[in-house]
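*Asks:* Dropping the structure in here first, questions after.
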Amino acid sequence: MEVFGRKIPMSASLIVWAVLWEIVGQLDLVSLIPPLSNVVMRLAEIVPTETFIDALALTARSFAAGTGIAILAGVPIGVLMGRSEIADRLLLPWVNVFVSAPLTALVPIIMALFGFGETTIILTVVLFALWIIILDARAGTRSISNSLVEMAQSYGASYWQAFSKVYVWAALPEILAGIRLGMVRAIKGVIIGQLIVSVVGFGYLFEIYQSNFLMEHLWALLLVLFALAFLIDGVFGYMEKRVEYYAASR
Amino acid sequence: MTATVVHAPGFQRSLGTMVSVRSVSKVYPGGVEALNEISLDFPKGQLTTLLGPSGCGKTTLLKIIAGLLPATSGEVMVDGMRVEGPGPERAFVFQDFALLPWATVLRNVAFGLELRGVPVAERESIAEHYIGQVGLKGFEKHYPHALSGGMRQRVGLARALAVKAEVVLMDEPFSAVDEQTRRKFQEDMLELIKNEQKTFIFVTHSIEEAVYVSNRIILLSRRPSRVMRIIEPDMPRGITPDQIRRHPAYLDAVEMIWQALKQYLD
Ligand SMILES: Nc1ncnc2c1ncn2[C@@H]1O[C@H](COP(=O)(O)OP(=O)(O)OP(=O)(O)O)[C@@H](O)[C@H]1O
Ligand SMILES: [Mg+2]
């Protein structure tokens, strides 16, 4: 972005919104929006509390388990779909349905099957993250040049060797993009899971803040989530940049 | 005095055949008939070139020999064994190099050995040897994107040599390389053929290149391919490359092939 001929980083736009938020908050127009400065103060206050740390730990655990499963399952499935016409025909319609389906509506079904525990929350995370990871791994695999595939074959690669030594690496730029998008969706998944399934972790905090109309607390919690999403996005964006150089020469 | 020998299409050499293609036909899904009952023998320790009009089925034939593509009918024998798929006695050099962009030159050259489970130290010392052979000493730690096209193809060649395959299949290996590099490459190839005692099967579009490097040239007709003529250029060796390129035997062979292939230009 350029303003008056100067290069300004994209994150600068955040400052504009932060100032706007502060003004609207100070004007006291809507009780839903407290001033940003109050929210930040509240943030500093609640983050060190045990309640918050426990909620964060619980949420992080479900999130990590869920995204871990989604990556371990999604990448091989996506690569398989990218390589095998039959697998692709069988699975693609489902993946396409789920990638855009209103997944929240499906959470009660998981709940009916797996109860009200952490398992259900983890599976909710998987449900949110999996599909985009599959789709991107598939797209990456399809863009691998035919001669690289033939090279692996002609030098006698087994299925596992071709997958682990060639396909995953060749498709890495897209796979990382898929994981990045999947993790951002997984944040949504873990909160929705915690709200619907059993009110624990961040879901529990949201619940009490909301029912007690603690708007500053609520916004502080949201800020934490935004920051986490931003961080994940940044880390994976950086990793994608690092492998970009070979995306063209596969 | 050297002479270029021309054989009729039915010519077969029985002694020392390494690769034997027997009545191979290939019909692609969709009905394109690329090869029709083609039979060919490739003598051991020699470089045989496939030359023919574009789309006549050279790549198809090479891939069938490599075991990367099944023949619709017929069979290919390599050293007396029927080809059922890729095998360690055959190595392929790809037109677009097919290197792993995320791996160094060293790992790329050792990749065939890595797939076979050869221990790191051993495969890297073999790879280093062949990196030296193709003139890339000092580039072991470089990545492919930092190399020129010619150097990348040397990596591809070193990878094929490192697995110690007896048959090296090369599909237009120099077509993505500039002319100067190409000539240097051709001379290095002659050197390699002399040292390595391998059977090379080579596809090119360049008549000059074919005459310069080949022991035998197989002229193919238009799709579905038949063997039109087999030429053994028998270039004088031991003289400079420039002398070869001015030698009457060289010029005659080039002219003869040009006359034979001219009919396929539209
Ligand atoms: N996968 C495929 N499916 C259908 N037809 C194909 C396929 N691959 C090649 N063909 C056709 O088979 C014929 C022979 O192709 P091939 O690539 O073997 O020719 P070639 O002699 O190598 O050509 P070139 O000199 O242009 O490289 C061509 O007409 C081509 O269009
Ligand atoms: Mg070809």
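What follows draws every value from the coordinates through simple rules; no lab data is involved. On a predicted model such as this, the values are computed, not experimentally measured, just so you know. Don't worry about glycine lacking a Cβ; one is built from the backbone with ideal geometry, like all the others, and counts go over all protein chains shown.
*Asks:* Enter the angle in degrees (range 0 to 90, nearest 10) between the Cα long axis of helix A:118-142 and the first principal axis of the Cα atoms of chain A, meaning the one along which they spread out most.
*Replies:* Computed tilt is about 50 degrees.
*Asks:* Continuing with the same structure: For segment A:1-71, which chymotrypsin sites (Phe, Trp or Tyr not before Pro) are both in a DSSP coil and crowded by at most 15 other Cβ atoms within 10 Å?
*Replies:* Here the chymotrypsin sites (Phe, Trp or Tyr not before Pro) that fit, given the DSSP loop and packing criteria, are A:Phe4.
*Asks:* Tell me the mean residue ellipticity at 222 nm calculated for chain A from its helices only (DSSP H runs of n ≥ 4, each -39500 (n - 2.57), averaged over every residue, nearest 500).
*Replies:* Result for chain A, helices only: -25000 deg cm²/dmol.
*Asks:* Using Cα centres only, tell me the gap between segment A:79-103 and segment A:1-52 in whole Å.
*Replies:* 40
*Asks:* Between B:Thr72 and residues 5 or more places away or on another chain, which pairs have amide H atoms under 5 Å apart, with H built 1.01 Å from N, and which residues are they?
*Replies:* B:Ser25, B:Lys26, B:Val27
*Asks:* Follow-up. Hey, what angle do you get for helix A:85-100 against the long axis of chain A, alpha-carbon based, 0 to 90 degrees rounded to 10?
*Replies:* Rounded to the nearest ten degrees, it is 10.
*Asks:* Sticking with this one: Check which residues have an amide H placed less than 5 Å from B:Leu50's amide H, if you skip close sequence neighbours.
*Replies:* Residues meeting the criterion, in which the H sits 1.01 Å from N, are B:Phe202, B:Val203, B:Thr204, B:Ile218.
*Asks:* So how do A:Ile53, A:Ile121, B:Ile38 line up by other beta-carbon neighbours within 10 Å, fewest first? Please list the in-between numbers first.
*Replies:* Values: A:Ile53 12, A:Ile121 34, B:Ile38 24.
So the ranking, lowest neighbour count to highest, is A:Ile53, B:Ile38, A:Ile121.
*Asks:* Cα convex hull of segment B:97-164: how many Å³ per residue?
*Replies:* Dividing the Cα hull volume of segment B:97-164 by its residues yields 72 Å³.
*Asks:* Then there is this: Taking segment B:101-158, which trypsin sites (Lys or Arg not before Pro) meet the DSSP loop condition and have no more than 16 other C-beta atoms within 10 Å?
*Replies:* Listed in order of number, the matching sites are B:Arg116, B:Lys137, B:Lys141.
*Asks:* Can I ask one more? Listing A:Phe230, B:Phe97, A:Phe128 from the residue with the fewest other Cβ atoms within 10 Å to the one with the most, what is the order?
*Replies:* A:Phe230, B:Phe97, A:Phe128
*Asks:* Compute the Cα gyration tensor for the protein assembly as shown, then decide on rounded, prolate or oblate, letting a ≥ b ≥ c be the square roots of its eigenvalues: rounded whenever a/c is under 1.5, prolate when a/b is larger than b/c in the other cases, and oblate in all that remain.
*Replies:* prolate
*Asks:* As a check on your grasp of the helix formula, calculate [θ] at 222 nm for chain B: sum -39500 (n - 2.57) over DSSP H runs of n ≥ 4, divide by the residue count, round to the nearest 500.
*Replies:* My calculation for chain B gives -11000 deg cm²/dmol from helical runs alone.
*Asks:* A follow-up question, please. Taking amide H positions as placed 1.01 Å from N in the peptide plane, with prolines and chain starts having none, which residues 5 or more places from B:Gln95, or on another chain, fall under 5 Å of its amide H?
*Replies:* B:Asp171
*Asks:* Taking 8 Å as the Cα distance limit and 6 or more residues as the minimum spacing, I'd like the relative contact order of chain B as a percentage.
*Replies:* The value is 28 percent.
*Asks:* Using label points projected 7 Å from each Cα along Cα→Cβ, tell me how many nm separate A:Val30 and B:Met77, to one decimal.
*Replies:* Each label point is offset 7 Å from its Cα along the Cβ direction, giving 8.4 nm.
*Asks:* Another question, if that's okay. Can you compute 3J(HN,Hα) from phi for each residue in segment B:87-92, using the Karplus curve 6.51 cos²θ - 1.76 cosθ + 1.60 with θ = phi - 60°, rounded to whole Hz and x for Gly and Pro?
*Replies:* Couplings: x, x, 8, 10, 10, 10 Hz.
*Asks:* If you average the alpha carbon positions of segment A:165-231 and of segment B:161-221, how far apart do those two centres end up, in angstrom?
*Replies:* Using only Cα atoms, the two centres lie 57 Å from each other.
*Asks:* By how many degrees, 0 to 90 and rounded to 10, does the Cα axis of helix A:172-196 deviate from the longest principal axis of chain A?
*Replies:* On a 0 to 90 degree scale, this one is about 40.
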